[in-house]
Amino acid sequence: EVDFLKNSQFGKILSFEETPTFSGSFGQFIILRLLKVNKKYEVWILFAGRPIRFSLREFAIVNGLNCEKLSVSSKKKRKNPLNHKLYWTELFESLKSCSIELLVDMLKRRKVKDRETRLKLACLAITSSVLLPSSHTPRIIPEHVEISKDFDELLAYPWGRVPFKFLVTNLLSKDKVSLSQSSVALKGFVDAIQHVLIANVPVLKEEVIPNEPVVLDDSESDGEDEETRYDGSPDPQPPSEKPHVGVKFEKTPTSYPIINLPETMCQVDVRCITDDPHENWAEGVDFGWDDESVDELVDNMVRLIGEDFAFKKEMFIGGLTLAELGRLRALKKSKDKETSEKQEKDTIPESTEADTTRKSSK
């Protein structure tokens with residue numbers, strides 16, 4: 001069963017255990033060096049004075065997921081899911097929800113005997129906890145269960161596009177004030193960003209020195225969306241005894257000596273755009289988005305990369321001074337206060353307002 005999954009589109013995700021453990025400090029290092037571009041589904045990261053692209057194409061390369069567009073027939077097929085008996089009841093019977101922890105326990109105890117059903121459950125664990133985690137205690141996503149009714153469709157489904165969009169839109173929604181905090185929370189499959197950097201800067205993998213992992217901030221309630229917190233400061237919490245399968249709630253206090261070198265020396269080998277895994281890999285695959293924005297500066301940057309242009313750190317200007325950041329924080333604080341006061345005013349009970357009106361009329 002494991003060999004079967006390793007030969008599916010989820011195979012690369014299962015092999016991530018062989019790569020460096022997710023690092024919170026390195027994640028923060030990455031997202032603080034985003035270039036400002038006019039793109040909805042494309043991120044550029046400045047590393048060692050050179051831009052590195054993180055798009056759906058790169059996401060597909062490092063994860064091995066099918067990132068093609070969802071066919072029109074598939075959309076119509078699930079347009080009215082209530083018109084047929086839900087497959088959920090066949091898999092989970094009377095359970096109204098199923099946590100990943102419970103599902104993994106079912107598989108370990110071999111409560112499910114049928115091989116195909118076991119493989120379906122394993123795939124659902126990956127899609128619901130790794131690709132689109134819903135909370136700190138991830139649960140099986142019902143829509144994914146309906147897709148799994150047809151096992152061939154489950155294996156061929158473009159599982160990469162939605163998780164990528166979810167991750168990138170959340171990342172790009174962070175404003176300058178949010179990014180200036182000591183920790184930054186992101187939702188989605190955040191490991192993918194680190195894997196793209198490692199693929200484009202091979203020396204990073206050589207410089208990693210693994211240590212004991214420590215648990216990330218997990219103080220939020222179970223009902224909240226999952227957020228992986230990038231925090232460069234030491235975390236005093238003890239290691240997790242039973243981390244949820246596939247969900248990265250830990251950071252490793254790894255040593256990344258290379259992080260400080262590129263900013264001054266810029267002597268490391270950096271590939272701005274990830275190489276294709278093999279010849280004709282992207283033939284016939286559409287990584288585009290129907291509502292993507294046009295950015296001539298990005299197009300020009302891609303052209304220069306194709307011409308092996310030598311980028312330098314000095315070419316990328318911007319950022320905020322402490323004074324500018326202070327003004328932005330003050331402005332945000334003022335707006336938040338106004339919003340809070342307005343909400344309090346709107347929640348005054350009608351009876352209280354009526355009593356006040358009667359008293360004033362007397």
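The values are calculated or read from the model by the stated rules, or taken from the named source; none is laboratory data. This is a predicted model, so every value here is computed, not measured. Counting neighbours? That spans all protein chains shown, and the Cβs are built from the backbone with ideal geometry, glycine included.
Report every pair of residues separated by at least 6 positions or lying on different chains whose Cβ atoms are under 7 Å apart, first residue within the stretch 143-171 and not assigned by TED's automatic domain parsing to the domain that holds Arg57, second surrounded by fewer than 17 Cβ atoms within 10 Å (Cβ to Cβ) and in a helix (DSSP H, G or I). Qualifying pairs under 7 Å: Glu146/Pro81; Ile147/Glu153; Phe151/Glu116. Taking the stated definitions as given, is Lys85 charged (D, E, K, R), on the phi < 0 side of the Ramachandran plot and modelled with pLDDT of 90 or more? Against the criterion (charged (D, E, K, R), on the phi < 0 side of the Ramachandran plot and modelled with pLDDT of 90 or more), Lys85 does not qualify. The set of residues in the stretch 148-160 being within 17 Å of Arg118 (Cα to Cα) and in contact with an Asp or Glu (Cβ under 6 Å, 6 or more places away or on another chain) consists of Phe151 alone.
Scanning the stretch 313-325 for residues that are out of contact with any strand residue (DSSP E or B) (no Cβ under 8 Å at 6 or more places or on another chain), surrounded by 10 or more Cβ atoms within 10 Å (Cβ to Cβ) and at pLDDT 80 or above yields a single hit, Met315. Residues that are of a type in the set (A, V, I, L, M) and part of a helix (DSSP H, G or I) within the stretch 90-123 comprise Leu91, Ile100, Leu102, Leu103, Val104, Met106, Leu107, Leu119, Leu121, Ala122, listed in sequence order. Within the stretch 289-318, the residues that satisfy the criterion of being under 24 Å from Leu172 (Cα atoms), free of Cβ contacts under 8 Å to residues at least 12 places away in the same chain and assigned to a loop (DSSP other than H, G, I, E, B) are Asp290, Ile317. Comparison of Ser129, Ser183, Ser97, Ser173 shows that the only residue that is touching a Pro at 6+ places or on another chain (Cβ under 6 Å) and among the hydroxyl-bearing types (Ser, Thr, Tyr) is Ser129.
Counting only helices (runs of 4 or more DSSP H) that sit wholly inside the stretch 131-237, those with at least 1 residues that are within 22 Å of Glu101 (Cβ to Cβ), at pLDDT 90 or above and of a type in the set (Val, Ile, Thr) are 142-147.
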